Amino acid sequence: MSLRRPIRAMVVQTAAVCTIVGGVVSPLLANIYLHELDFFVEQLRENFDKGEHRRNNRAYFRHASKLRRLKLQISQLREKGQNDEASDLVFKHDELRAEMIKMPSVDWMDPGFKRLRYIRYADDFLIGIIGSKEDARGIMAQVKEFLHSALNLNVSTEKSGVRKASHGARFLGYDVQVYTGKHRVRYKLGRGRPALARTLVEKTQISVPHEKVQAFAKRHGYGTHATLDATHRTELLHLDDIEIVKVYNAEFRGFAAYYALAFDVKRKLSKLGLLWSSSLFKTLAHKHRSSVRAIIDKVKVQPGVHVVRETVNGKVIEVNVWKLADLKRKLIFENIDNIPRTSDLRLSRTSLAQRRAAERCTHCSTTQGPFHLHHTNPVRTIKRTGLDKLRQARARKVISLCTPCHRLRHSGQLPDLRSSR
């Protein structure tokens, strides 16, 4: 996702609008249809790339030569004992050095050095240009013409345009831009001469957009991100404690894993993590009609580690509360687009703890799973609606059946289990 070579000039961002929108096969069909675009941009790159290296910045090296001469004069004056004259030159030396540090050592806008880099995901793509604004506009015009004439596609006017690299562009939910660091590191030249070097110069970086974090917190009902005012989630109160924790874990872990490639992911999501955990503990406190402090003390194992436990049929089930420190930032490209399906937990008619504790069939007493949790009372008999109906459905009597017995029960070949109530 990140571009390997720095982008110095403009970024062209274009999104082709395919006729098929949504659905699981849309990215696949977009890859097939836009395969010709990949070849077209590759030809543009071969014709656009120019030069091996940038030429040196003459002003930078003129300053470097002056600094060397000043250093020599300062050392000579100090050897003669003329410290006042040397101090004046030191002041001049520092001013000249401060100016040189702000200058690039090469000419970023060298017309003899050009590069084009291209990346595409489904029907969204980004083109990085090392060159002038006219070069970027020319490339964008050629791509638009190819999409319209060869592929009969139009371009999204909202997402497309020419962007300055330092201002960045939005691509797949990330902000892509170049960054120059202000820090300097000391190193030694030949014969042990000390020198300073910049740490990051026009480095391409991807970061987490702040508005994406705020929208995520609002969408899931954690509370107000700006003020860290957390709220509990009423729609989860019918779930068991471990189910509530798993819903929260899946949401935050999935969001953090998607942005794991960003260099500032933990810094940008640290505040969201505080809001998220506060909302989680408030939801548990509201469910048990207790205080947040009492809930935290109950689930706290050690500083920063919280474990929620449920006991069903003598079996203890534990779920750790996920935290941002557990995020692994290594590049994982498998299942990166999978969206957490928390609806399987939120809308389930059986408890997760009950499903995990099912180890024996009630009818034949076999221990060979898998097991199905069968309700002895049909859900159609429940007259309530909404969350009340879901709460009552989960409160029904449940028995564990193996797969063969479960099939026999639904075919009417097992005795009516409602008589055992």
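The values are calculated or read from the model by the stated rules, or taken from the named source; none is laboratory data. From a predicted model like this one, the values you see are computed outputs, not experimental measurements. Positions of Cβ are backbone-derived with ideal geometry, glycine not excepted, and every protein chain shown enters the neighbour counts. Remember, those area values only see protein heavy atoms, side chains included, never the ligands or the DNA or RNA. Shrake-Rupley method; radii C 1.70, N 1.55, O 1.52, S 1.80 Å.
Here are the numbers for the structure shown:
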{"read-out": "Nitroxide proxy distance, nm - points 7 Å out along Cα→Cβ at Ser291 and Arg184", "value": "5.5"}
{"read-out": "Cβ-based charge dipole, the stretch 226-314, positive-most Cα from Ser277, Phe263, Ala250", "value": "Phe263"}
{"read-out": "Gained length - Asn152 relative to Ala226, 0.36 nm times residue gap less alpha-carbon distance", "value": "22.2 nm"}
{"read-out": "Nearest-0.05 FRET efficiency for Leu172 and Lys328, computed from C-beta distance (R0 25 Å)", "value": "0.80"}
{"read-out": "Karplus (6.51, -1.76, 1.60) ³J(HN,Hα), θ = phi - 60°, over the stretch 282-296, in Hz, Gly and Pro reported as x", "value": "5, 5, 5, 5, 5, 5, 8, 6, 10, 8, 5, 4, 5, 5, 4"}
{"read-out": "Counted charge near Phe48, where neighbours are those whose Cβ lies closer than 11 Å (Asp, Glu -1; Lys, Arg +1)", "value": "+1"}
{"read-out": "Counted charge near Leu70, where neighbours are those whose Cβ lies closer than 11 Å (Asp, Glu -1; Lys, Arg +1)", "value": "+3"}
{"read-out": "Ranked packing of 298-307, 226-235, most packed first, by mean Cβ within 10 Å", "value": "226-235, 298-307"}
{"read-out": "The stretch 58-102 - accessible surface per residue (Å², probe 1.4 Å)", "value": "79"}
{"read-out": "Stretchable slack from Leu274 to Lys203, in nm (0.36 nm times residue separation minus alpha-carbon distance)", "value": "22.5 nm"}
{"read-out": "In sequence order, calculated HN-Hα J values of the stretch 86-93 (Karplus, 6.51, -1.76, 1.60; Hz; x Gly/Pro)", "value": "5, 5, 4, 5, 4, 4, 5, 4"}
{"read-out": "Cα centre as origin, Lys/Arg/Asp/Glu Cβ charges: the stretch 97-169 dipole, Debye", "value": "180"}
{"read-out": "Links that overshoot a 18 Å alpha carbon limit, given the list Lys212/Lys271; Lys133/Lys164; Lys102/Lys133; Lys159/Lys212; Lys271/Lys323", "value": "Lys102/Lys133"}
{"read-out": "Accessible surface of the stretch 53-168, 1.4 Å probe, proportion on carbon and sulfur as whole %", "value": "48"}
{"read-out": "Placed amide H near Glu202: partners under 5 Å, 5+ positions off or other chain", "value": "Tyr179, Thr180, Gly181"}
{"read-out": "Under-5 Å amide H pairs with His306, H placed in peptide plane, nonlocal only", "value": "Val301, Val321"}
{"read-out": "Two-site FRET efficiency, Arg62 against Glu36, from Cβ-Cβ distance with R₀ of 51 Å, rounded to 0.05", "value": "0.55"}
{"read-out": "Most to least packed among 217-223, 291-297 [average Cβ atoms within 10 Å]", "value": "217-223, 291-297"}
{"read-out": "Segments 47-57, 249-259 sorted - mean Cβ within 10 Å per residue, highest first", "value": "249-259, 47-57"}
{"read-out": "Stretchable slack from Leu408 to Ala195, in nm (0.36 nm times residue separation minus alpha-carbon distance)", "value": "68.5 nm"}
{"read-out": "Inter-label distance for Glu145 and Glu318, nm, one decimal - labels placed 7 Å from Cα along Cα-to-Cβ", "value": "6.7"}
